[in-house]
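The values are calculated or read from the model by the stated rules, or taken from the named source; none is laboratory data. All values derive from a computational prediction rather than experimental measurement. Neighbour counts run over all protein chains shown; Cβ positions are idealised from the backbone, glycine included. For accessibility, only protein heavy atoms count, side chains too; no ligands or nucleic acids. Shrake-Rupley method; radii C 1.70, N 1.55, O 1.52, S 1.80 Å.
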Amino acid sequence: FGAVKRVSSELGKGQRGLEGLSVTFALFLRADIFEKVRELAREPDKLTPAKLLWNDKSLLLRVLEDRFAASHPEIEPGRVWDQYFCATVSGKSARDFILEVCLPRPRDVILLTGTALGLAINRGHPRIEEADLLGAEEEYSRFAFDSILVENGVSVADLERILYEFAGCRSVINPEEIRQFVAKADVKSINPDEVVAVGAAIQG
């Protein structure tokens with residue numbers, strides 16, 4: 001954070017015979033990393049972040065379309081789905097399947113589709129087929145599980161016990177089922193009602 005300010009200032013002063021440059025830097029950090037930085041900052045009140053939210057799911061797909069289009073300029077972004085993806089996966093469109101499976105973050109969408117693309121290439125498929133996306137879902141699930149363990153504020157052992165209680169359940173469950181799973185994990189530091197409240201807040 002300090003370097004960003006210094007570089008902007010130095011470029012603004014200019015050099016011999018050169019005019020100063022008006023430069024703005026944007027520094028992107030994961031939210032959990034930023035919170036750790038804030039804890040160590042000498043003047044945390046001077047850190048003024050703007051949080052990026054991916055509530056608009058169409059923007060996540062746009063990131064993916066632009067990635068594919070950048071690799072293949074001859075393909076229009078809107079044609080990516082027809083050109084590279086099968087029509088349906090488990091009865092849903094490929095778009096809806098990806099959005100339903102992934103956490104709403106660009107890196108998650110890119111990881112899932114990148115893994116599916118790798119499987120398609122290895123299997124000699126001319127496009128990403130249903131089996132490729134389903135195979136990629138398994139790999140992504142492991143990644144998401146490990147990410148949650150790393151980013152959590154609870155001890156890893158405790159969170160791992162809780163997460164394994166949810167293994168095999170439906171993708172959408174009601175608050176009472178959540179309470180039962182969390183309570184079954186028997187983690188003393190976690191209140192099942194608080195978990196439900198956090199989930200409700202995230203869902204808006």
Q) Got at least one residue in segment 14-30 being in contact (Cβ under 8 Å) with a residue 12 or more places away in the chain and part of a helix (DSSP H, G or I)? A) no
Q: Please specify each residue of segment 170-180 satisfying the condition of being open to solvent by 50 Å² or more (accessible area, probe 1.4 Å) and either in contact with a helix residue (DSSP H, G or I) (Cβ under 9 Å, 6 or more places away or on another chain) or among the β-branched types (Val, Ile, Thr) (or both).
A: Arg170, Ser171, Val172, Pro175, Glu176, Arg179, Gln180
Q.
Among the residues of segment 164-174, are any farther than 25 Å from Asp66 by Cβ, touching a residue at least 40 places away in the same chain (Cβ under 8 Å), in a helix (DSSP H, G or I) and charged (D, E, K, R)?
A. no
(Q) For segment 82-102, give me the residue count where each residue is on the phi > 0 side of the Ramachandran plot and at pLDDT below 90. (A) 0
Q.
Would you confirm whether or not segment 69-86 contains a residue that is open to solvent by less than 80 Å² (accessible area, probe 1.4 Å), free of Cβ contacts under 8 Å to residues at least 12 places away in the same chain and part of a strand (DSSP E or B)?
A. no
Q | Test for Pro49: is it touching a residue at least 12 places away in the same chain (Cβ under 8 Å) and not acidic (Asp, Glu) | A | yes
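Residue-wise test of (1) within 18 Å of Asp66 (Cα to Cα); (2) assigned to a loop (DSSP other than H, G, I, E, B); (3) of a type in the set (Val, Ile, Thr); (4) in contact (Cβ under 8 Å) with a residue 40 or more places away in the chain.
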residue	(1), (2), (3), (4)
Asp108	yes, no, no, no
Thr113	yes, no, yes, yes
Ile121	no, no, yes, no
Pro126	no, yes, no, no
Leu134	no, no, no, yes
**Q.** Answer from Leu53, Leu59 - the residue that is part of a loop (DSSP other than H, G, I, E, B), open to solvent by 30 Å² or more (accessible area, probe 1.4 Å) and within 24 Å of Ile33 (Cβ to Cβ)
**A.** Leu53
Q | Given (1) within 21 Å of the chain's Cα centre (by Cα); (2) at pLDDT 90 or above, index of the condition Ala120 fails | A | (1)
Q | Considering residues of segment 87-108 that are open to solvent by 60 Å² or more (accessible area, probe 1.4 Å) and among the hydrophobic types (A, V, I, L, M, F, W, C) only, the residue nearest to the chain's Cα centre (by Cα) | A | Leu103
Q: Filter segment 113-142 down to the residues that are farther than 16 Å from Phe97 by Cβ and of a type in the set (Gly, Ala, Ser), then identify the one that is least open to solvent (accessible area, probe 1.4 Å).
A: Gly118
(Q) When the residues of segment 22-42 are narrowed to those that are open to solvent by 100 Å² or more (accessible area, probe 1.4 Å) and over 24 Å from Val150 (Cβ atoms), which ends up modelled with the lowest pLDDT? (A) Ser22
